[in-house]
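Laboratory data are not the source of any read-out in this text; all were calculated from the coordinates shown. Quick caveat, the model's predicted, so the values are computed rather than measured. Every residue, glycine among them, receives a Cβ derived from its backbone with ideal geometry; neighbour counts consider all protein chains shown.
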Amino acid sequence: MTEMKDKKLTEYPVVAGEKNVVLEIETKMFEDFYEKQDLNSVMLNASNNTSSFGSTGEISRPIGRKRSKVRNTIDRTLRLTTNQKCDIAQKTVEKLKTEIKKTADEAEKVVDTYKATSEQYELEQSDLKKERMEFERDIVKGARNPDTKKTTAERVIRYFEDRFRAKDALIEKFRLKISTQRTQMKKLLLQLKQKEEMGEVLHAVDFNQLKIENQQYMEKIEERNHDLLHLKQEAGKTQQALNSIKRKLQELMTESKKLETEIKIQEDLQAKIDAEFEQVTEQKLQAEKTNENLKEHLSDYQVPAVMDFVTESAKLRELQKMKTTWQRKVEIIKMSYDSHQKKWLALKKSSQQIHR
C-alpha cells in the first residue's frame, strides 16, 4: 500500500503538469477569443445558454431565498458551460483554419510569382544565349573576310536591321494579342453586367470561374506588358549600339577618304620626283661621258699655246663647277626621293589597314 501511495505521489506532479499545460492552452484560447469579441455579446450569449440549460433541467438547484437566486444567477452568468467552451473552441479552430488557408493562399501566390519570375529569367537567359550564338555565327564568324580577317561593316548593319525588324514584328504581335485579350475581358465583363441587370443569379462556381478567368487574363496582360517593355528596352539598347557602330564607320570612311587623297597627292609627287630623277640621271650620264671624252683628249694632249692653255683651263674650271653643281643637285634629289618614298610606303600601308 505504501509503495502504491509513493508511486501515485511520484506520478501526481507529472499528471498535474500535463493538466496545467492543457489548462494554460485553454485559458490562452479563451483570452484570445475574449479580446477579439464584444463583452456585451459574450454576456448575452452566456445568459441565454444558462437559461436554456436551466429550462432543460441539465443544471438544477433547489429553490431558496431571493438572495440565493441572484447569487446563483450571477455565478451561472460568469461561468462558461461546456457547450460554450465547445463553441469558442470551434470558432477558434475555424478562424485558425481560415487564417491558415489565407496564409497558404498568399504563400502560393508568392511561390507562383517566384516561379513566374524564375521561368521568365530562364527564358531571357535562353533568348540571350540564342542571340549570342546567332551573333557569333552570323557576324563573328560569318561576316569575317577570309583575306583581311576583318568583320564586314555592311553585314553588321544588315544583321542589326534584321534584328530590329524581328523585334518590331514581335512587339506588334504582342500588342495585337494584348488588344485581343482586353477585348475578350471587356466582353466577359459586359456579359456579367447584362446577367446582373437581367436579375440572373450566378452560382458560386460560375462566379469563381469568372474570377479565375479574369485573374488569368490579367496575369497574361501583365506578362505581355512586361515582355513588351523588355523588348522595347532591348530594341533601345540595340539601336544605341547600331548608332555607335554607324558613327565609328562614318569616322573610318572619312579618315579613309582623307588618306586616299593624301596618297594620291604623294603618288603625283612621287611621279614628279621620278621624272626629275630620270632627267638628272640622264644629265649626269651626259656629264660623265663628256668628262670621259675630256680625259681622253687630255691623255692625247699636246702642250698648246699659252692662250689656248688659258682658254682650255677656264673651260675646265667651268665644267668642274658645273659637275659639282649637278652632283649636289643629284644628291639633294636623291635624299628627297628617299624621304618621299618612305612617306608613300607608310601611307600605302595605313590605307591597306583601313580597307581591311
Can you give the net charge of the other residues whose Cβ lies under 15 Å from the Cβ of M29, counting K and R as +1 and D and E as -1? -2
Efficiency by 1/(1 + (r/R0)^6): what FRET value for M322 and D147, r their Cβ-Cβ distance, R0 = 41 Å, to the nearest 0.05? 0.15
If every Lys and Arg gets +1 and every Asp and Glu gets -1 at its Cβ, then about the Cα centre segment 152-203 yields a dipole, in debye to the nearest 20, of 140 debye
For segment 214-302, the charge dipole (Cβ of Lys, Arg +1; Cβ of Asp, Glu -1; about the Cα centre) points to a positive end, and the Cα of A287, F277, L259 closest to that extreme belongs to L259
